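The values are calculated or read from the model by the stated rules, or taken from the named source; none is laboratory data. Since the structure is predicted, the reported quantities are computational estimates derived from the model, not experimental observations. With ideal geometry, Cβ positions are generated from the backbone for all residues, glycine too; neighbour counts draw on all protein chains shown.
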Amino acid sequence: MMNNRSDHSCLDYQLSRRAMMKTAAAAAIFGMPVSRLMSLASTPAAISAATAEHVILFWMGGGMSQLDTWDPKPGRPTQGEFNPIDTSADGIQISEIFPQLAGQMHHAALVRSIAGTTGDHGGATYNLQTGYKRSPNLVHPGVGSVAVHEKSPISDLPSFVTISGGAPSAGYLGQACEAYYVSRPGEKDPLLAFPAGISQVRGEKRLEILARMNNAMSKDMSAPQIQSAEKALGSAVDLMHSPSLEAFDLSKTSPEEIERYGDTDFGRGAMIARKLVEKGVRFVQVNRGGFDTHSNNFNAMRTHGEVIDPALSSLVGDLADAGQLDKTLVVMLSEFGRTPRVNGRAGRDHHARCFSCFMAGGGIIGGNVIGASDEDGYVPAEHPVSVPDLHATICHALGINHTKEVHTPLGRPMRLVEKGGNPVKELFGQA
């Protein structure tokens with residue numbers, strides 16, 4: 001679903017650091033003026049006390065089944081093949097596919113009554129990741145871009161990193177709030193070095209020439225174009241020189257730690273996410289697809305559990321042991337859930353009316369459940385939570401005023417969170 005940016009039309013026009021570096025590397029000249037670089041690099045493509053300084057969002061693309069994860073229905077016709085298991089939080093049960101995570105639930109909370117708006121993958125993904133419904137005239141920024149727009153940088157690394165898949169566009173918040181893309185966690189990024197055959201000294205000299213040529217070309221381009229291109233290139237070059245790049249490198253990670261998280265892209269992504277927030281990165285998104293289980297749902301969810309369980313439980317446990325969990329909000333979310341009814345292909349179909357998410361850290365009170373679905377999981381029975389409510393909650397955890405207005409380049413005032421969205425303060429122990 002969220003793989004390699006191809007599913008997000010809102011990314012079609014953005015000029016990313018990675019695209020800029022790739023263009024420069026492929027050209028192997030670095031002396032190309034900004035106008036040419038842009039033509040090649042643009043891809044079709046009143047808050048109470050808060051403790052969170054960082055967010056790790058695990059995006060489960062395709063529609064993760066809530067009944068087979070966070071909201072089991074034992075003994076009901078909609079139960080499916082999995083049994084619930086007790087957890088370290090009194091009275092809270094989750095699916096048997098998460099045996100290790102069950103031991104960390106005293107740190108975590110569940111929202112079991114999210115009321116979505118659409119069962120369309122594209123529309124729901126846009127809605128859940130931006131907090132707004134799609135508009136024909138405006139691209140809304142994703143929640144990661146909102147976070148880095150409102151929180152000052154505290155690292156020489158990019159403030160927003162997305163791993164194993166794309167993230168939404170920063171929209172009207174601009175180039176500085178776009179995500180830096182990591183395709184394969186743990187592998188060295190070949191674009192963060194000068195092309196083969198170009199020495200460090202020669203490469204630096206070409207960057208100096210590029211700066212002079214860009215300055216000479218500036219009269220032929222609008223100021224926003226120049227600023228966007230120069231910011232993308234400058235950020236990429238700064239990253240090339242940063243000692244904090246070691247956070248992306250797992251070559252020195254012990255085999256025992258890799259085994260504990262799971263020697264998978266998802267496990268390595270969770271490890272890198274932890275290292276990045278330790279280095280000051282504000283927002284990390286780790287993507288996993290494959291949840292569109294219209295058939296063979298239970299075998300698929302067993303496989304997902306085997307990958308997600310060790311990674312998520314290790315991450316939460318390590319952050320807690322290091323005293324970093326209060327500073328780091330961990331969220332696992334999908335665009336919608338799956339139907340309580342199991343279809344004739346042993347699958348579950350799209351279900352937006354009621355689904356769930358996992359949260360931990362960032363001031364969240366552990367061992368907490370917000371809302372409830374009805375006895376078979378079809379609709380919210382208690383405390384419906386809207387999509388804007390989720391976004392307001394993330395803002396609340398970060399100490400961001402979710403009612404704040406920012407202006408688009410055309411001067412249109414836009415709220416950070418759609419009107420009507422309010423933080424779920426019960427997650428923080430507040431009435």
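Taking PRO158, is it in contact with a Phe, Trp or Tyr (Cβ under 6 Å, 6 or more places away or on another chain) and either of a type in the set (D, E, K, R) or at pLDDT 60 or above (or both)? Talk me through it step by step, then tell me what you get.
Details: in contact with a Phe, Trp or Tyr (Cβ under 6 Å, 6 or more places away or on another chain): yes; either of a type in the set (D, E, K, R) or at pLDDT 60 or above (or both): yes.
So PRO158 passes the test.
Take the residues in region 234-262 that are more than 24 Å from GLN175 (Cα to Cα) and β-branched (Val, Ile, Thr), then tell me which one is modelled with the lowest pLDDT. Top of the filtered list is THR253.
For VAL286, state whether it is farther than 27 Å from ARG134 by Cβ and β-branched (Val, Ile, Thr).
Values: farther than 27 Å from ARG134 by Cβ: no; β-branched (Val, Ile, Thr): yes.
The answer is no for VAL286.
Consider region 387-424. How many of its residues are hydroxyl-bearing (Ser, Thr, Tyr), farther than 17 Å from GLY144 by Cα and in contact with a Pro (Cβ under 9 Å, 6 or more places away or on another chain)? Lay out the reasoning, then the answer.
Within region 387-424, the subset hydroxyl-bearing (Ser, Thr, Tyr) is 393, 403, 408.
Add one more test, that the residue is farther than 17 Å from GLY144 by Cα, and what stays is 408.
This time we only want the ones that are in contact with a Pro (Cβ under 9 Å, 6 or more places away or on another chain), so: none.
Matching residues across region 387-424 total 0.
Residue count for region 46-96 under the criterion of being in contact with a strand residue (DSSP E or B) (Cβ under 9 Å, 6 or more places away or on another chain) and of a type in the set (D, E, K, R): the result is 6. Of the listed requirements (1) in contact with a strand residue (DSSP E or B) (Cβ under 7 Å, 6 or more places away or on another chain); (2) exposed (fewer than 15 other Cβ atoms within 10 Å of the Cβ); (3) closer than 30 Å to GLY75 by Cα, VAL369 misses just one: (2). Taking region 100-146 as the range and being touching a helix residue (DSSP H, G or I) at 6+ places or on another chain (Cβ under 7 Å) and among the charged types (D, E, K, R) as the test, the residues that pass are LYS133, ARG134. Scanning region 134-168 for residues that are assigned to a loop (DSSP other than H, G, I, E, B) and either under 12 Å from the mean Cα position of the chain (by Cα) or not assigned by TED's automatic domain parsing to the domain that holds THR393 (or both) yields a count of 6.
Kindly indicate the residue of region 128-160 that is of a type in the set (S, T, N, Q) and over 12 Å from GLY280 (Cβ atoms) and also surrounded by the fewest Cβ atoms within 10 Å (Cβ to Cβ) among those meeting that condition.
Kept after step one, since they are of a type in the set (S, T, N, Q), are these residues of region 128-160: 129-130, 135, 137, 145, 152, 155, 159.
With the extra rule that they be over 12 Å from GLY280 (Cβ atoms), the set shrinks to 129-130, 135, 137, 145.
Details: GLN129: 26, THR130: 26, SER135: 10, ASN137: 6, SER145: 27.
Here the answer is ASN137.
Can you work out which of the residues in region 292-308 that are of a type in the set (A, V, I, L, M, F, W, C) and surrounded by fewer than 24 Cβ atoms within 10 Å (Cβ to Cβ) is farthest from GLY165 (Cα to Cα)? Taking the candidates together, the pick is PHE298.
Only residues that are within 17 Å of the chain's Cα centre (by Cα) and either within 11 Å of GLN66 (Cα to Cα) or in a strand (DSSP E or B) (or both) were counted in region 350-365, giving 5. Remark: pairs (first residue in region 94-118, over 12 Å from ASP71 (Cα atoms); second residue assigned to a helix (DSSP H, G or I) and acidic (Asp, Glu); Cβ separation under 7 Å; 6+ apart in sequence or on different chains) = ILE97/ASP309; PHE98/ASP309; PRO99/ASP309; GLN100/ASP309; LEU101/ASP309.
Is it true that GLY377 is assigned to a loop (DSSP other than H, G, I, E, B), farther than 28 Å from TYR172 by Cβ, in contact with a Leu (Cβ under 7 Å, 6 or more places away or on another chain) and modelled with pLDDT of 95 or more? Spell out how you get there, then give the answer.
Numbers: assigned to a loop (DSSP other than H, G, I, E, B): yes; farther than 28 Å from TYR172 by Cβ: yes; in contact with a Leu (Cβ under 7 Å, 6 or more places away or on another chain): yes; modelled with pLDDT of 95 or more: yes.
Yes; evaluated as a whole, the condition is true for this residue.
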